[in-house]
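What follows is one structure encoded as structure tokens, with my remarks underneath.
The values are calculated or read from the model by the stated rules, or taken from the named source; none is laboratory data. Predicted, not measured: the structure shown is a model, and the values here were computed from it. For neighbour counting, all protein chains shown are included, and Cβ atoms are generated from backbone atoms with ideal geometry for every residue, glycine included. Heads up: the accessible areas ignore ligands, DNA and RNA and are worked out on the full protein's heavy atoms, side chains in. Shrake-Rupley method; radii C 1.70, N 1.55, O 1.52, S 1.80 Å.
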Amino acid sequence: DPYSDQWNFGIQYQLTSDTTLGANYVGSAGSRLDVGEFRNVATTPGPGDAATVASRRPYPYITPTYYDMSVGSSTYNAFQFSLRRGTSKGLAYLISYTWSKSLDLGCSGWYGVEGCSTQNPYNLQGDKGVSGFDLTHILSASWVYDIPVGGGRRFSTGNRTADYVLGNWKLNGIVTMTSGAPYQAGIAGDVANTGMAGNGYYERLNRVGDIHAFTLSPQNGLNRAAFAVPARFTFGDLSRDALRADPFKNLDFSLFREFPIRETKRLEFRADMFNLANHPTWGIPDNNYSDANFGVISGTRSTERQIQLALKLYF
């Protein structure tokens with residue numbers, strides 16, 4: 001069974017009677033994690049036909065096959081900060097920021113989920129990298145604000161009709177911003193000639209340039225000039241999950257209005273807007289060097305703007 005150790009330490013400081021500041025360190029380490037991969041491939045790259053490659057397998061009479069072993073490990077370390085205000089004068093908010101790093105060995109426990117594959121099953125340390133779900137920076141801010149306009153509130157027109165029209169409005173929203181999702185770039189086939197060809201484009205490319213030197217666009221999701229095909233009978237030197245997709249940015253916003261009818265009845269109008277700015281977050285580009293569309297982004301990690309209107313009667 002997998003095994004996990006977890007630890008944390010945190011402090012809180014009360015800034016005012018309704019506002020607190022928090023800081024936490026969170027860590028964990030996993031061991032005996034599942035690593036599912038092609039096994040019984042040739043132990044070393046090299047030239048030769050199928051018979052020669054088979055002779056370099058631990059068990060030459062058995063073809064390479066996929067199976068699992070509990071040999072993976074992982075670590076997670078994070079600093080988490082929060083600023084929280086309880087409802088006071090109609091305003092409540094929570095601002096959270098996390099700076100973290102998650103590392104694992106050979107796609108531990110996440111094969112197929114992060115689209116990762118081990119390049120050399122005999123050297124898992126060579127496949128150590130950030131987890132497919134690793135997001136270095138995560139910032140989230142949410143708020144609820146009861147606008148202080150109307151009868152009996154801080155700002156009143158003094159006119160009952162005007163207060164009824166202008167009052168009882170509320171706003172809330174959630175802003176989310178994160179680092180881009182990690183991914184890797186590889187090439188189809190069996191460049192190393194170890195018998196791993198049945199495992200998709202398992203082999204990563206060589207890094208020959210600055211992977212950050214490009215202007216992101218749907219047709220230009222990565223710097224193509226930063227990569228080269230590894231020499232025949234070698235493994236690529238690009239680190240696992242060394243690339244990052246477009247950072248995620250999103251704003252959800254809601255507007256509420258209550259219409260008092262009687263003491264026990266009220267009508268509520270609400271407008272909810274998801275991805276209010278309609279800002280696209282580009283998805284992971286085609287990361288197979290063998291494809292004609294290598295580097296092209298064909299989708300987004302975000303949804304287009306959506307607006308929904310509703311009326312609710314409370315009684």
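Across segment 87-92, computed HN-Hα scalar couplings (Karplus, 6.51 cos²θ - 1.76 cosθ + 1.60, θ = phi - 60°) run 4, 8, 6, x, 10, 9 Hz from first to last residue, x flagging Gly and Pro.
A simple spin-label model places pseudo-atoms 7 Å from Cα toward Cβ; at Asn278 and Leu171 they are separated by 2.1 nm. Among the trypsin sites (Lys or Arg not before Pro) found in segment 204-260, those both in a DSSP coil and sparsely packed, with 15 or fewer other Cβ atoms within 10 Å of their Cβ, are Arg232.
Taking the 1.4 Å solvent-accessible surface of the chain as the whole, the part contributed by carbon and sulfur is 57%.
Measuring between their Cα centroids, segment 41-80 and segment 213-233 lie 27 Å from each other. Neighbours of Ser302 by Cβ distance under 14 Å: Lys/Arg scored +1, Asp/Glu scored -1, total 0.
If you plug the beta carbon distance of Gln6 and Arg160 into 1/(1 + (r/R0)^6) with R0 = 45 Å, you get a FRET efficiency near 0.20. For segment 3-50, report the accessible area per residue in Å² (1.4 Å probe, heavy atoms, rounded to an integer). Counting only protein heavy atoms, the per-residue value for segment 3-50 is 59 Å².
Sequence neighbours fewer than 8 away in the same chain don't count; with that in mind, list the lysines whose C-alpha is under 27 Å from Lys249. The reachable lysines, counting only those whose Cα sits under 27 Å from Lys249, are Lys101, Lys170. Our summary gives segment 166-315 a relative contact order of 27 percent, counting only alpha carbon pairs under 8 angstrom and 6 or more residues apart. Just to verify a number: FRET efficiency for Thr52 and Asn77, C-beta to C-beta distance, R0 = 35 Å, to 0.05? The pair Thr52/Asn77 has a calculated efficiency of 0.20.
Here the Karplus relation 6.51 cos²θ - 1.76 cosθ + 1.60, evaluated at θ = phi - 60°, turns the backbone of segment 271-279 into coupling constants of 10, 10, 10, 9, 6, 3, 6, 6, 8 Hz, with x for every Gly and Pro. Here the Karplus relation 6.51 cos²θ - 1.76 cosθ + 1.60, evaluated at θ = phi - 60°, turns the backbone of segment 29-46 into coupling constants of 9, x, 9, 6, 7, 6, 10, x, 7, 5, 10, 6, 8, 4, 6, 9, x, x Hz, with x for every Gly and Pro. For the set Phe259, Phe315, Phe79, solvent exposure ranked by accessible area (probe 1.4 Å, protein chains only) runs largest to smallest as Phe315, Phe79, Phe259.
Accessible area, 1.4 Å probe, largest first: how do Thr281, Thr87, Thr16 sort?
The most accessible residue leads, giving Thr87, Thr16, Thr281.
Pairs of Cα atoms nearer than 8 Å and 6+ residues apart set the relative contact order; for the chain it is 13 percent. Normalising the average separation of contacting C-alpha pairs (under 8 angstrom, six or more residues apart) by the number of residues puts the relative contact order of segment 1-112 at 29 percent. Against the criterion of solvent-accessible heavy-atom surface with a 1.4 angstrom probe, Asp146, Asp104, Asp5 sort, most first, into Asp5, Asp146, Asp104.
Solvent-accessible area of Glu304, all protein chains in place: 120 Å² (probe radius 1.4 Å, heavy atoms, ligands and nucleic acids excluded).
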